[in-house]
Amino acid sequence: MWNSSTAGSRCTHILFQPNNCMDFSSPVTDCKGIGEKTKKLFDACEIRTVGELLHYYPRNYDSFTPAVSVRECREGEVCAVRCRLLSVPALKYVRRYAILTGEATDGTDTLSVTWYNQPYLKNSLYAGREYVFRGHVRRKGRSLLMEQPAISSPEDYAALSGKLLPRYPLVHGLKNNTVIRAVQDALSHVTMEKDPMPASILERRGLLDLSGALSGIHFPENEKRLLEARRRLAYDEFFWFLMGIRLLKNAVGEDAAGIPMPQPKSVDGFLEALPYALTNAQQRVLHELAADMAGGRQMHRLIQGDVGSGKTILALLAMLICVENGYQAALMAPTQVLAAQHAAYFAEMTKTYHLPFRTVLLSGAQRAKERRAAYEAIAAGEVNCIIGTNALMQEELSYDRLGLVITDEQHRFGVRQREYLAGKGQMPHILVMSATPIPRTLALILYGDLQVSLLDELPAGRRRIRNAVVGPEYRERAWRFLAKEAAEGRQGYVICPMVEEGELTDAENVTDYADKLRQALPDTVRVERMHGRMKPEEKDRLMERFAAREFDVLVSTTVVEVGVNVPNATVMMIENAERYGLASLHQLRGRVGRGENQSYCIFVNTSRSEEAKERLEILNTTNDGFVIADQDLKLRGPGDLFGVRQSGEIAFRVADLYADADLLRMAAEDADALLTEDPGLEKQENAAVREAVRTESHIDLRTI
């Protein structure tokens with residue numbers, strides 16, 4: 001078990017000792033307990049240096065409240081109960097899945113306890129012995145049930161009471177305690193150089209110094225200290241990101257010369273041949289694109305559009321303008337599956353409408369021979385439509401006449417990646433597409449180097465998704481509905497906040513949930529699971545199989561948010577929905593409703609909070625992602641600390657666009673003020689800032 005006494009002492013006074021030999025660039029193996037085997041596990045988490053370890057923040061915290069009686073337990077909450085086991089738990093197997101069940105009493109009332117796929121616990125639990133069971137409580141019939149509870153002796157639990165225990169993102173084989181011990185050692189011995197953030201900013205904004213923030217995020221003395229630490233680190237992420245954006249924009253210039261590409265007549269012919277008319281919003285954005293591309297200045301434009309608003313057809317039209325003018329166009333997608341879908345869509349449209357595209361698909365999964373052939377065709381100008389993942393940025397890949405670069409889901413790529421790809425042409429036009437509904441006020445700050453176009457209208461005829469916000473008592477009924485849809489040949493998703501048990505005891509996890517579904521649903525319903533710890537090729541293969549209808553229900557974390565189009569999927573069930581931001585829930589909902597059948601979204605609210613219920617009800621009133629994003633911005637605040645990290649927006653490690661909107665605005669003001677005084681960060685007092693921009697925003701200032 002976690003050594004609470006050691007961690008507690010270090011929480012109160014962590015010192016960065018200049019006489020010790022460890023610094024941020026030291027290999028992580030300098031920390032105690034990290035040998036070659038453990039080093040490989042840290043490598044899988046992209047932790048190779050002490051600095052990367054200290055910036056590997058907890059994903060959540062266990063808060064150990066005093067143990068209560070069974071009667072004091074509140075349904076839907078995490079509780080710790082001191083009970084005596086009435087008998088050795090009974091073990092049974094249901095279709096190869098182990099289920100361990102027992103009864104415990106506090107002397108007055110009883111509590112049912114259940115563990116899934118942990119048969120070994122039977123040999124370590126004894127009848128008549130007292131334990132503290134800690135977990136999520138729900139009602140089953142007339143009794144209270146605690147599933148997958150953590151088990152402690154009363155003495156061990158008393159030592160933890162009142163503490164915040166960090167829970168880190170882990171890969172298979174890496175234990176939470178291993179990360180805790182490594183971070184403790186690093187914090188005790190690292191040499192802390194001068195804080196790169198200007199002291200004037202820290203004082204004006206009331207921010208912690210970096211050493212205090214790092215110790216406070218890993219081992220906070222209390223929630224107040226944790227909030228202070230998180231505030232500094234979130235501000236840092238915004239500040240360095242915005243500094244990089246501003247410097248890139250200044251270097252490129254707002255009026256950089258570009259390739260003039262007048263709109264060809266074939267665009268009008270293609271639009272007339274389509275079986276549908278573009279929406280007013282699509283027509284407006286197409287006009288903006290065409291004007292940018294024809295104007296002789298390099299286009300830097302972002303198309304923000306809700307799921308299903310028709311961004312892909314606009315990308316095709318921009319690429320059509322490009323290739324008709326004799327240039328190559330490249331489209332970069334965040335996953336191999338999405339790139340393959342784009343390539344298939346372009347091939348179908350080329351065949352149906354006799355378009356001049358000669359398309360090639362590039363991905364990391366291709367064999368070397370296949371990839372070499374594609375490289376040669378691109379360099380020779382034999383293809384004019386190049387679609388792929390970040391394989392489009394390989395150093396050995398040369399383009400013939402690259403005139404347009406499109407990145408799909410901008411937040412999945414770093415700013416520098418986009419600029420690097422653009423650098424493979426002679427000032428090609430840049431188009432960015434995103435389905436993340438960011439309020440316009442924040443988008444103008446975040447995408448300071450881009451002109452923003454909004455697709456705020458959905459095509460006619462798209463069926464409205466039917467929504468339901470329900471409590472956990474509805475869960476089994478929802479499972480029966482999933483089985484009914486599967487019996488009719490359709491498919492569904494179930495989204496859980498966590499990958500496995502132990503990360504958050506009060507939240508559903510993919511590993512156990514998939515097992516429970518397999519037990520609860522008929523044998524004919526095929527269930528698979530997916531999460532972010534899988535290798536990209538594993539996730540791609542699963543999504544390909546799901547799209548091919550090889551199984552019926554996919555239990556996953558939010559990694560499905562930006563994924564393959566599965567028109568046959570009609571049910572989206574989101575567990576612990578109160579833990580997500582509204583914008584993220586809306587994007588998850590967008591995974592269904594893409595086919596001809598009626599689709600449904602079930603939000604399972606496990607909180608007893610009226611505020612959580614009212615917030616989720618907003619999703620019943622509108623399907624407009626930008627309205628929802630604005631509501632999210634108004635309703636969420638810095639107190640929403642223990643929720644699931646938003647996925648889908650720009651990939652900050654700590655910062656949240658909605659809860660931290662005030663910090664984003666502050667960081668923008670401070671970045672602009674600093675660059676007004678010193679546009680190139682050439683003053684001596686800004687040397688540390690210049691270096692931090694390079695390391696934190698991954699932009700090499702020597703190249704701009």
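The values are calculated or read from the model by the stated rules, or taken from the named source; none is laboratory data. Everything quoted here is computed from the prediction, not taken from an experiment. Note: ideal-geometry Cβ built from the backbone for every residue, glycine included; neighbour counts use all protein chains shown.
Number of residues in the stretch 447-493 that are within 25 Å of the chain's Cα centre (by Cα), aromatic (Phe, Trp, Tyr) and under 20 Å from Ile602 (Cα atoms) equals 1.
Taking the numbered list (1) under 18 Å from the mean Cα position of the chain (by Cα); (2) without any contact (Cβ under 8 Å) to a residue 40 or more places away in the chain in turn, Cys496 passes all entries but (2). The number of residues in the stretch 278-296 that are over 27 Å from Ala435 (Cβ atoms) and touching a His at 6+ places or on another chain (Cβ under 9 Å) comes to 0. Residues of the stretch 312-341 that are in contact with a strand residue (DSSP E or B) (Cβ under 8 Å, 6 or more places away or on another chain), closer than 28 Å to Leu582 by Cβ and buried (at least 21 other Cβ atoms within 10 Å of the Cβ): Leu314, Ala315, Ala333, Leu338.
Looking across Ala229, Ala186, Ala213, Ala234, one residue alone is touching a Pro at 6+ places or on another chain (Cβ under 7 Å), of a type outside the set (Ser, Thr, Tyr) and assigned to a helix (DSSP H, G or I). It is Ala229. Tell me, please, whether a residue that is outside any helix (DSSP H, G or I), buried (at least 16 other Cβ atoms within 10 Å of the Cβ), in contact (Cβ under 8 Å) with a residue 24 or more places away in the chain and touching a helix residue (DSSP H, G or I) at 6+ places or on another chain (Cβ under 9 Å) can be found in the stretch 342-357. Scanning the stretch 342-357, I find at least one residue that is outside any helix (DSSP H, G or I), buried (at least 16 other Cβ atoms within 10 Å of the Cβ), in contact (Cβ under 8 Å) with a residue 24 or more places away in the chain and touching a helix residue (DSSP H, G or I) at 6+ places or on another chain (Cβ under 9 Å), so the answer is yes. Quick one: is Gly141 of a type outside the set (Asp, Glu), surrounded by 17 or more Cβ atoms within 10 Å (Cβ to Cβ) and more than 30 Å from Cys31 (Cβ to Cβ)? No; evaluated as a whole, the condition is false for this residue. Residues of the stretch 148-172 that are part of a strand (DSSP E or B) and touching a helix residue (DSSP H, G or I) at 6+ places or on another chain (Cβ under 7 Å): Gln148, Leu164, Pro166, Arg167.
Taking every residue in the stretch 608-634 that is among the β-branched types (Val, Ile, Thr) and pairing it with any residue that is modelled with pLDDT under 80 and surrounded by fewer than 17 Cβ atoms within 10 Å (Cβ to Cβ), at least 6 positions away or on another chain, the pairs with Cβ-Cβ distances below 9 Å are Ile618/Leu635. Identify, from the list Leu100, Leu86, Leu111, the residue that is surrounded by fewer than 19 Cβ atoms within 10 Å (Cβ to Cβ) and in the same structural domain as Gln148 (by TED's automatic domain parsing). Only one candidate passes the filter, namely Leu86. Taking (1) touching a residue at least 40 places away in the same chain (Cβ under 8 Å); (2) part of a loop (DSSP other than H, G, I, E, B) in turn, Pro522 satisfies each apart from (1). Any residue at all in the stretch 117-129 that's of a type outside the set (Ser, Thr, Tyr) and assigned to a strand (DSSP E or B)? No, there is no match, as no residue in the stretch 117-129 is of a type outside the set (Ser, Thr, Tyr) and assigned to a strand (DSSP E or B).
For the stretch 320-330, a residue qualifies if it is part of a strand (DSSP E or B) and out of contact with any helix residue (DSSP H, G or I) (no Cβ under 6 Å at 6 or more places or on another chain), and exactly one does: Gln328.
Flag: Tyr580 does not match the condition of being over 24 Å from Leu635 (Cα atoms) and aromatic (Phe, Trp, Tyr).
Filtering the stretch 445-483 to residues that are out of contact with any His (no Cβ under 9 Å at 6 or more places or on another chain), within 30 Å of Glu237 (Cα to Cα) and modelled with pLDDT of 80 or more leaves Ile445, Val452, Ser453, Leu454, Leu455, Asp456.
Between Pro275, Pro262, which is more than 30 Å from Ile438 (Cα to Cα) and modelled with pLDDT under 95?
Values: Pro262 fails: modelled with pLDDT under 95.
After applying the criteria, what remains is Pro275.
Within the stretch 259-283, the set of residues being within 34 Å of the chain's Cα centre (by Cα) and crowded, with 16+ Cβ neighbours inside 10 Å comprises Leu278, Thr279, Ala281, Gln282. Where residues in the stretch 65-80 are part of a loop (DSSP other than H, G, I, E, B) and modelled with pLDDT of 85 or more, which of them is nearest to Arg653 (Cα to Cα)? By that ranking, first place goes to Pro66. The condition of being in contact with a strand residue (DSSP E or B) (Cβ under 8 Å, 6 or more places away or on another chain) and at pLDDT 90 or above holds for only one of Lys140, Lys122, that being Lys122.
Checking Ala182, Ala186, Ala127, Ala158 one by one, the residue that is of a type outside the set (Lys, Arg), more than 30 Å from Glu476 (Cβ to Cβ) and at pLDDT below 90 is Ala158 and no other. Among what's in the stretch 285-300 and is touching a Leu at 6+ places or on another chain (Cβ under 9 Å) and not in a loop (DSSP other than H, G, I, E, B), pick the residue that is surrounded by the fewest Cβ atoms within 10 Å (Cβ to Cβ). Out of the qualifying residues, it is Ala290.
Put simply, of Asp540, Asp552 the only residue that is over 22 Å from Gly625 (Cβ atoms), surrounded by 22 or more Cβ atoms within 10 Å (Cβ to Cβ), in contact with a Ser or Thr (Cβ under 7 Å, 6 or more places away or on another chain) and outside the structural domain of Ala333 (by TED's automatic domain parsing) is Asp540. Considering every residue within the stretch 365-381, establish whether at least one is farther than 20 Å from Ile313 by Cα, in contact (Cβ under 8 Å) with a residue 60 or more places away in the chain, in a loop (DSSP other than H, G, I, E, B) and assigned by TED's automatic domain parsing to the domain that holds Ala290. Within the stretch 365-381 (the criterion being farther than 20 Å from Ile313 by Cα, in contact (Cβ under 8 Å) with a residue 60 or more places away in the chain, in a loop (DSSP other than H, G, I, E, B) and assigned by TED's automatic domain parsing to the domain that holds Ala290), the answer is yes, since at least one residue qualifies. Restricting attention to the stretch 301-319, report how many residues are closer than 20 Å to Arg440 by Cα and assigned to a helix (DSSP H, G or I). Count: 1. Gly102 meets all of the listed conditions (1) assigned to a strand (DSSP E or B); (2) free of Cβ contacts under 8 Å to residues at least 12 places away in the same chain but one, namely (2).
Scanning the stretch 26-58 for residues that are part of a loop (DSSP other than H, G, I, E, B) and aromatic (Phe, Trp, Tyr) returns Tyr56, Tyr57.
Kindly indicate whether any position in the stretch 506-515 is of a type in the set (D, E, K, R) and surrounded by fewer than 19 Cβ atoms within 10 Å (Cβ to Cβ). Looking for residues that are of a type in the set (D, E, K, R) and surrounded by fewer than 19 Cβ atoms within 10 Å (Cβ to Cβ), one finds none in the stretch 506-515, hence no.
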